[in-house]
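A.B. asks: Below you will find the structure I want to go over with you.
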Amino acid sequence: MAKKRVAVLISGRGSNMTALIEAAKAKDYPAEIALVVSNRPDALGLGRAREAGIATALVDHRPFGDDREAFDRALDAELAARRIDIVCLAGFMRLFTPWFVTRWSGRLLNIHPALLPQFKGLHTHRRALQAGVKRHGATVHFVVPETDSGPIIVQDSVPVIEGDTEETLAARVLEVEHRIYPQALRLVAEGAATFVPAGKDNGT
Ligand code: GRF
C-alpha cells in the first residue's frame, strides 16, 4: 500500500516533528513526512526540517489578523498542493476553525503533554505538580472542534518524582511524546485507528 503523505504543523522547536521524521525513515513505516508547515517564520523546527530534506512551507498568521478562517483556508491550500493525507499537530500554537477541523476530521492528530482528559490547555506540567498527581504523561488524539477533547489514539505515563520541577517533569514527558507520536501515526496511517464523526462519510 502507498505510504500516507503527512504534514507536520509546528510553531516552535519541533522535537516531536523530528521524532516523526526519524520514525518515517523506516522502510516499513506506513507514512512519509511530505511537508512541514509553520505559522511562525522564526520556528526553530523549520530549519531542522530543511536540514532533514523535508519540504517546508510558512503560512504566517499575522497578515490574516482576526480572520481565522482565511488563515485556515490558506493552510488548507498548502496541504492540498502537496496532496497531504494526514496532518499531525506538533506544538502548533493556533486554534482551528470548525471548518478546518471538520474538513480534516479523522485525519488530524494532536499531541498533548498530559494524560487527557486531565489537564487540557496550557501549562500542563505546572498544573500536574500543583495537583500532586503521582503519574503524568502524554496523549495523541484525533482533533475535534472542542480543544484537547478528541478520541485518544495512544497515551502513556511516567511517574512524578519527589523534587520534580516543571523542567524535569517536562523532559520526562517529552520522551514519552517522542515514543507515542510515531506509534499513533502508524496506527492511523495503517487504518488500525479510525475516527469518523457522526454524519460524515469516511475520507471526504
Ligand atoms: C510538546 O510538549 C507538545 O506536546 C505540545 O507542545 C510541545 C511541542 O514541543 N503540544 P516540540 O516543538 O515538538 O519540541
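A.B. asks: Within the range 1-36, work out how many residues are within 13 Å of the ligand (Cβ to nearest atom) and assigned to a strand (DSSP E or B).
C.D. replies: 4
A.B. asks: Sticking with this one: Give the residue, chosen from 128, 52, that is farther than 28 Å from residue 189 by Cβ and within 16 Å of the ligand (Cβ to nearest atom).
C.D. replies: Exactly one residue qualifies, and that residue is 128.
A.B. asks: How many residues, within the range 172-199, are farther than 16 Å from residue 17 by Cα and either free of Cβ contacts under 8 Å to residues at least 60 places away in the same chain or within 13 Å of the ligand (Cβ to nearest atom) (or both)?
C.D. replies: 7
A.B. asks: Which is touching a helix residue (DSSP H, G or I) at 6+ places or on another chain (Cβ under 7 Å) and not hydroxyl-bearing (Ser, Thr, Tyr), of 154, 188?
C.D. replies: 154
A.B. asks: Looking at the range 51-69, is at least one residue of a type in the set (Phe, Trp, Tyr), on the phi < 0 side of the Ramachandran plot, within 13 Å of the chain's Cα centre (by Cα) and not in a loop (DSSP other than H, G, I, E, B)?
C.D. replies: no
A.B. asks: Same structure again: Taking the residues in the range 87-107 that are hydrophobic (A, V, I, L, M, F, W, C) and closer than 21 Å to residue 43 by Cα as candidates, determine which candidate is nearest to the ligand (Cβ to nearest atom).
C.D. replies: Per the criteria, the residue is 90.
A.B. asks: Follow-up. Looking only at the range 101-110, decide whether some residue is without any contact (Cβ under 8 Å) to a residue 24 or more places away in the chain and either more than 13 Å from the chain's Cα centre (by Cα) or within 30 Å of residue 130 (Cβ to Cβ) (or both).
C.D. replies: No: zero hits.
A.B. asks: Considering 68, 82, which residue is more than 22 Å from residue 185 (Cβ to Cβ), surrounded by fewer than 19 Cβ atoms within 10 Å (Cβ to Cβ) and away from the ligand (no atom under 16 Å from the Cβ)?
C.D. replies: 68
A.B. asks: Which ones in the range 108-125 are within 12 Å of the ligand (Cβ to nearest atom) and not aliphatic (A, V, I, L, M)?
C.D. replies: Scanning the range 108-125 gives 110, 112, 113, 119, 120, 121, 123, 124, 125.
A.B. asks: Here's something else I'd like to know. Report yes if some residue within the range 13-25 is at pLDDT below 95 and either β-branched (Val, Ile, Thr) or in contact with a helix residue (DSSP H, G or I) (Cβ under 9 Å, 6 or more places away or on another chain) (or both); otherwise report no.
C.D. replies: The answer is no, given that none of the residues of the range 13-25 is at pLDDT below 95 and either β-branched (Val, Ile, Thr) or in contact with a helix residue (DSSP H, G or I) (Cβ under 9 Å, 6 or more places away or on another chain) (or both).
The values are calculated or read from the model by the stated rules, or taken from the named source; none is laboratory data. All figures in this text were calculated on a predicted structure; none of them were measured in a lab. Here the Cβ is made from the backbone with ideal geometry for all residues, glycine too, and neighbour counts use every protein chain on show.
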